[in-house]
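Working notes, beginning with the structure itself.
The values are calculated or read from the model by the stated rules, or taken from the named source; none is laboratory data. Here the structure is a predicted model, which means the values were calculated and not measured. For neighbour counting, all protein chains shown are included, and Cβ atoms are generated from backbone atoms with ideal geometry for every residue, glycine included.
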Amino acid sequence: MMEVIKRTNVNTDELLKGIFKTPKVKTPALEVLELEVKPGSALKPHDMPSKVVFFVIEGTGTFTYGDRTEIVNPGEMIHVDPGELRFWANNTDKTVRLLVVKSLTEG
């Protein structure tokens with residue numbers, strides 16, 4: 001099976017003010033989504049029961065994992081294990097777009 005997923009053919013949900021989630025693929029083992037973080041917005045600290053990879057498509061985001069904070073630029077990627085609070089923040093004047101890949105069977 002092959003599926004082309006167009007950016008304009010999916011529903012986007014506003015998770016929090018200025019935080020938008022666009023689902024791309026979901027199977028029992030894998031979830032892929034696009035996350036958009038508008039300027040001045042941030043996710044709340046949270047943990048996930050799975051390994052996650054974040055790829056910055058555009059913009060520069062601030063990612064906090066436990067007590068470590070990193071500035072992440074376009075083309076850079078972060079891989080994290082479960083068990084630590086994490087969140088993205090956008091402290092710039094441009095939107096941050098991320099591709100998020102969750103391995104739902106690893107944790």
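Brief remarks follow.
- Residue selection: VAL101 satisfies the criterion of being closer than 16 Å to PHE20 by Cα and either modelled with pLDDT under 95 or in a strand (DSSP E or B) (or both).
- Only a single criterion out of (1) part of a loop (DSSP other than H, G, I, E, B); (2) closer than 26 Å to GLU3 by Cβ; (3) free of Cβ contacts under 8 Å to residues at least 40 places away in the same chain is not satisfied by PRO28, namely (3).
- Of all residues in segment 31-51 being among the charged types (D, E, K, R) and in a loop (DSSP other than H, G, I, E, B), the one that is farthest from ASN91 (Cα to Cα): ASP47
- Candidates THR62, THR69: the one that is surrounded by fewer than 17 Cβ atoms within 10 Å (Cβ to Cβ), assigned to a strand (DSSP E or B) and at negative phi is THR69.
- Of all positions in segment 52-59, at least one carries a residue that is surrounded by 12 or more Cβ atoms within 10 Å (Cβ to Cβ) and in a loop (DSSP other than H, G, I, E, B).
- The residues listed here are LYS21, LYS44, LYS38; of these, the one that is basic (Lys, Arg), touching a residue at least 24 places away in the same chain (Cβ under 8 Å) and surrounded by 13 or more Cβ atoms within 10 Å (Cβ to Cβ) is LYS38.
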